[in-house]
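The values are calculated or read from the model by the stated rules, or taken from the named source; none is laboratory data. On a predicted model such as this, the values are computed, not experimentally measured, just so you know. Glycine gets a Cβ as well: all are built from the backbone with ideal geometry, and neighbour counts include every protein chain shown. For accessibility, only protein heavy atoms count, side chains too; no ligands or nucleic acids. Shrake-Rupley method; radii C 1.70, N 1.55, O 1.52, S 1.80 Å.
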Amino acid sequence: MATRRCLLVAARKPRSSGGGFSTSDVPLRRNYATLIMSRNFVGQRRPSFSGCNRTPTSTIGLGRNLSGSTKSKTQQEKEDHQQSVELVRTRDFEGYLCGLLMPSHARESYFAVRSLNVELASIKDGRRKRNVGGAGDDPSLASRLRMQWWREAINGMYEDSPVVEEPSVAGFLSHMSTSQQHSPIVRSVRRATQSADLTRRFLDRLVDAREADLEQSQMTTLQQLTEYSEETSSSVLYLSLECAGVRDEDADSAAYHVGVGSGLVSTLRSTVYRAEHHEEVALPVDVMEKYGVEDQFLLSGGQTNDDSKQQQEALQNAVREVAHLAAAHLARARQLQSRVPKAGRPSLLPAVPALMYLQQLQSAQYNVFDPVLLQPELNRFRLLLHLSRSWLTGVF
């Protein structure tokens, strides 16, 4: 296939405040001018909230470098990249497919960012597994230490001098600093921050949001879930755009909406899994209460004795509200995609699987227990076709 031409087009004049996203559910909260100014900002971090699907991973941050110290730098970088790709392929298959369609010069940095996101998302699932065991060390402490490990790793990528810590943990952090040198994911992300000049603020927000999510099993409001989606999914897309060399206000605006929309979809897709395996309610409290959905109905897999039909209809209404909000954000992203530079459009491909799921959910009458929705592997070929078409045409 002919090599694609990367064409950076000038950013158009920003829309007026009256022409932005206008759904009544959640107003557009992102200040894009602030985003552009924050690309060199390293200081204050925004508060984050949490709650979306996570998948455990066996490639942990403390992994040892089994390749040895005698290999050349080029060979080591190649093996680090291969491990990042394999991690994303096994734990984030849709992200893997999207990465294959990224520009060749951006692919290595893209997979580094995606593998970091997988690692951070896996920490809460690791805590859950230790909780089930019922014995051993405090799972919450172990999870916080892993988050601190990644925080220190990111800090080391941007700062020469170490952060001053309390004496009680100084020795442990010293050991963490040594172990970070042997992590292929850390090395890959470090190279990505250098080659693509990634904005540190977005990496910090990923850690902040995941850490805030450690002790939370259910979001309080739909607005809180929307903010969490922006802090996580949208931040990954902002970094993906930077991997492609795109720093554009319209591109960031589209990435915001794709990130929020796909983040809300991830919550819907994880609803049954989290209820069955972790006894968590993925839908926010205010939406559940609005339609009178009982937590136990969801946690029992929709199997209650008396009013199961009424509860099923209430759950479908609750799911419909979240789905409509996700669809509204993705529709707004579609309106903006023509203004995104060509080099940045592959970074928005995660909108494709999100839109596909919403179509299937609508066909299933918003029943999250529908068997078709619980077997995404059956639609992988169709997903590949949709991604290929979007990549060729530049629109989703």
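What number of residues within region 288-325 are in contact with a Ser or Thr (Cβ under 8 Å, 6 or more places away or on another chain) and open to solvent by less than 20 Å² (accessible area, probe 1.4 Å)?
The qualifying residues number 7.
Restricting the search to region 231-247, which residues are open to solvent by less than 10 Å² (accessible area, probe 1.4 Å) and either out of contact with any Phe, Trp or Tyr (no Cβ under 6 Å at 6 or more places or on another chain) or closer than 19 Å to Leu361 by Cβ (or both)?
Glu231, Thr232, Val236, Leu237, Leu241, Glu242, Ala244, Val246
Which of the residues that make up region 257-272 are closer than 16 Å to Phe369 by Cα, in contact with a Ser or Thr (Cβ under 9 Å, 6 or more places away or on another chain) and open to solvent by 10 Å² or more (accessible area, probe 1.4 Å)?
Passing the criteria: only Ser266.
Determine whether region 355-378 contains at least one residue that is within 22 Å of Asp92 (Cβ to Cβ), among the polar types (S, T, N, Q), assigned to a helix (DSSP H, G or I) and touching a residue at least 40 places away in the same chain (Cβ under 8 Å).
No, region 355-378 contains no residue that is within 22 Å of Asp92 (Cβ to Cβ), among the polar types (S, T, N, Q), assigned to a helix (DSSP H, G or I) and touching a residue at least 40 places away in the same chain (Cβ under 8 Å).
Arg339 - would you say it is closer than 21 Å to Tyr273 by Cβ, open to solvent by less than 80 Å² (accessible area, probe 1.4 Å) and not polar (S, T, N, Q)?
For Arg339, the condition - closer than 21 Å to Tyr273 by Cβ, open to solvent by less than 80 Å² (accessible area, probe 1.4 Å) and not polar (S, T, N, Q) - is not met.
Being more than 15 Å from Gln83 (Cα to Cα) and among the basic types (Lys, Arg) is the filter here; which residues of region 178-200 pass it?
Passing the criteria: only Arg200.
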